[in-house]
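*Asks:* Next up is a structure, given as structure tokens.
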Amino acid sequence: MKKESPKETNTMGVANLEDPVLGNDSVRSKTTLPKEQFGVPYQNIKNYIIARIEAGEWMPETRIPSENHIASTFGVSRGTAHRALRELTSEGYLVGFQGIGRFVAKTKQYAPLLEVKPISQEISERGETHSAKVLLLAQEPATPELALTFGLNVDSPVYRSTIVHRADGRPVQLAERYVNPQFAPDYLKQDFTEITPSEYLFKLGTLTEVEHIIEAVLPDNSAQRFLSIDANEPCLLIHRTTWSNAIVVTQARLLYPGSRIQLGGRFSPMSPAKPLAP
């Protein structure tokens, strides 16, 4: 599907590029930030733009100044300005349109892909309030598949939880999780409206390995209801398996509404990749 670019005549969403630091693309300001505000140059550019967005000064669909203009104003190379804007785009703050420029993106939350972090922490780091609704917390007999995963006998007890996580009251994740009782024997006794499963499991021991498998799916009826989305909402589904040394701790399905969340991460290509288990 062709991506539609913002309309440059929209008086609500398109920027007036007048700015006390960045000035206007046609009339460059000579104002610069004090040196004491500078650390890593590209990070300072990112911080400045993020601050403008979060303060509501640059609204969604606002066109931001060009790379050349930002580079000149901040006294950096165009490559440094490009890196800052590229990272802001990958993190969901900006969206780019070839031949037009970059614009402030419509609000979409960012979730880390290459690390395991409690969702309450992800949400609080964005300046929002986490809340949770527990839909299911129960013991179930292990299916043959779960028994094989956890190294248990078929029909041995496993723990299951289904929880909707919200950011400022808006559902952002539906988490279905199976837990190995050998690792977390008191899992069913926890109040997961006060502590997330990840936070609780982290207290019990160190997770030494994580596997993520991601697919794009459409929500079923229950996901539509619990996430307050319609049947045509594209979703991102993470299949997550975690280990603590030789013990499989959890197997989870984490479902995110595609319009509210983007997944991302950064890693060093110098580290050898580990193939997924067959």
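The values are calculated or read from the model by the stated rules, or taken from the named source; none is laboratory data. Computed from a prediction, not measured in an experiment: that's the story for all the values here. Cβ atoms come from the backbone with ideal geometry, glycine included; neighbour counts cover every protein chain shown.
*Asks:* If I filter segment 157-181 down to residues being modelled with pLDDT of 95 or more and in a loop (DSSP other than H, G, I, E, B), which single residue comes out as nearest to LEU207 (Cα to Cα)?
*Replies:* Per the criteria, the residue is ASN180.
*Asks:* Do any residues in segment 68-84 that are closer than 13 Å to GLY101 by Cα have Cβ atoms under 9 Å from those of residues that are buried (at least 19 other Cβ atoms within 10 Å of the Cβ) and among the aromatic types (Phe, Trp, Tyr), where the two are at least six apart or on different chains, and which pairs are they?
*Replies:* HIS82/TYR42
*Asks:* Could you please give the count of residues in segment 55-67 that are of a type in the set (Asp, Glu) and more than 18 Å from GLN98 (Cβ to Cβ)?
*Replies:* Initially, segment 55-67 is screened for residues of a type in the set (Asp, Glu), giving 57, 61, 67.
From what is left, the residues that are more than 18 Å from GLN98 (Cβ to Cβ) are 57.
So the count comes out to 1.
Residues are listed down the side, and each one gets a yes or a no for (1) modelled with pLDDT under 50; (2) assigned to a helix (DSSP H, G or I); (3) among the basic types (Lys, Arg); (4) surrounded by 17 or more Cβ atoms within 10 Å (Cβ to Cβ):
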{"residue": "THR9", "(1), (2), (3), (4)": "yes, no, no, no"}
{"residue": "VAL27", "(1), (2), (3), (4)": "yes, no, no, no"}
{"residue": "GLY56", "(1), (2), (3), (4)": "no, no, no, no"}
{"residue": "THR89", "(1), (2), (3), (4)": "no, yes, no, no"}
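*Asks:* Still on this structure, please answer the following. Could you tell me whether segment 141-160 includes any residue that is polar (S, T, N, Q), within 26 Å of THR193 (Cβ to Cβ) and assigned by TED's automatic domain parsing to the domain that holds SER198? Please lay out each step first, then the result.
*Replies:* First pass over segment 141-160, keeping only residues polar (S, T, N, Q): 143, 149, 153, 156.
So of that shortlist, the ones also within 26 Å of THR193 (Cβ to Cβ) come out as none.
No - not one qualifying residue is present in segment 141-160.
*Asks:* The conditions are (1) crowded, with 20+ Cβ neighbours inside 10 Å; (2) more than 22 Å from ARG126 (Cβ to Cβ); (3) of a type in the set (Val, Ile, Thr), and VAL172 fails exactly one of them. Which is it?
*Replies:* Just one mismatch for VAL172, condition (2).
*Asks:* Quick test of your reading of the structure: VAL154 fulfils all but one of (1) out of contact with any Pro (no Cβ under 7 Å at 6 or more places or on another chain); (2) assigned to a loop (DSSP other than H, G, I, E, B); (3) more than 19 Å from THR242 (Cα to Cα); (4) among the hydrophobic types (A, V, I, L, M, F, W, C). Name the failing condition by number.
*Replies:* (1)
Condition check ((1) in contact with a Leu (Cβ under 9 Å, 6 or more places away or on another chain); (2) within 30 Å of THR208 (Cα to Cα); (3) modelled with pLDDT under 85) across all residues:
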| site | (1), (2), (3) |
| --- | --- |
| PRO60 | no, no, yes |
| ILE64 | yes, no, no |
| PHE74 | yes, no, no |
| ALA84 | no, no, no |
| GLY96 | yes, no, yes |
| LYS106 | no, no, yes |
| ILE119 | yes, yes, no |
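*Asks:* Give me the strands (runs of 3 or more DSSP E) completely within segment 197-278, filtered to those with at least 3 residues that are at pLDDT 90 or above and not aliphatic (A, V, I, L, M), ordered by residue number.
*Replies:* 235-244, 247-257
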